Amino acid sequence: MLVILKEDVENLGDMGATVKVAAGYARNFLLPKNLAVQADSASAKQIEHELKIIRRRDAKRREELESVAKKLGRVTVEIKMRAGEGDKLFGSVTSSMIAEDLERQGYSIDRKKIKLDQPIKTLGTFEIPVRFATGIEPTIKVWISSDQEEEVTEKAVVEPGTEAPAVAAVEVVAEEAAE
């Protein structure tokens, strides 16, 4: 079945493209979701009119997305995770976690638009692309830090020939116990 796409459909085509798809795919997915219209000769003029309207609407939407993308390009997401040796995380950071943090900052971004090749499993700073539409792909900085406080242990400096007070106290207790 030939259809004309009303919107960009991933792995199928861009808006305005005439593509041949399975009849079931068109009837059950594309047409009910208003992503495409059937391309027959009777509706050709109607389709041209709809495409003009759609292109105007799409141009306005692209302008809005570009302004959001500029703002989003300056955003830094900080996620605290528990980490072990070698800065490896216990678990991993997923696109859902990044989307939740963006939501807290006032950006409502669908997790599917955040393009992680694989989950993040180490501490550090990462640049993650967010794909709004074709050609509009800002990158956000994601900073993964440890949620554990750095434990600073101070070791007493003992000069040669002197004993640390704790060591001397242990020796006194040991001598009393021996008597």
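The values are calculated or read from the model by the stated rules, or taken from the named source; none is laboratory data. Note that the structure is predicted; figures quoted are calculated from it, not measured. Cβ coordinates were reconstructed from backbone atoms using ideal geometry, including for glycine residues, and neighbour counts include every protein chain displayed.
Annotations for the structure displayed:
- Exactly one residue out of ALA36, ALA23, ALA17, ALA42 is modelled with pLDDT under 90, hydrophobic (A, V, I, L, M, F, W, C) and loosely packed, with under 13 Cβ neighbours inside 10 Å, and it is ALA42.
- Residue match in the range 158-169 (condition: modelled with pLDDT of 85 or more, farther than 30 Å from GLU63 by Cβ and either touching a strand residue (DSSP E or B) at 6+ places or on another chain (Cβ under 7 Å) or not assigned by TED's automatic domain parsing to the domain that holds VAL9 (or both)): no
- Residue count for the range 11-59 satisfying the condition of being assigned to a loop (DSSP other than H, G, I, E, B) and more than 21 Å from GLY135 (Cα to Cα): 8.
- Hey, ILE109 surrounded by 17 or more Cβ atoms within 10 Å (Cβ to Cβ) and part of a loop (DSSP other than H, G, I, E, B) or not: yes
- The combined condition, being farther than 17 Å from LYS141 by Cα and part of a strand (DSSP E or B), is not fulfilled by GLY86.
- Of all the listed residues (ARG111, ARG62), the sole one being of a type in the set (D, E, K, R) and within 17 Å of the chain's Cα centre (by Cα) is ARG111.
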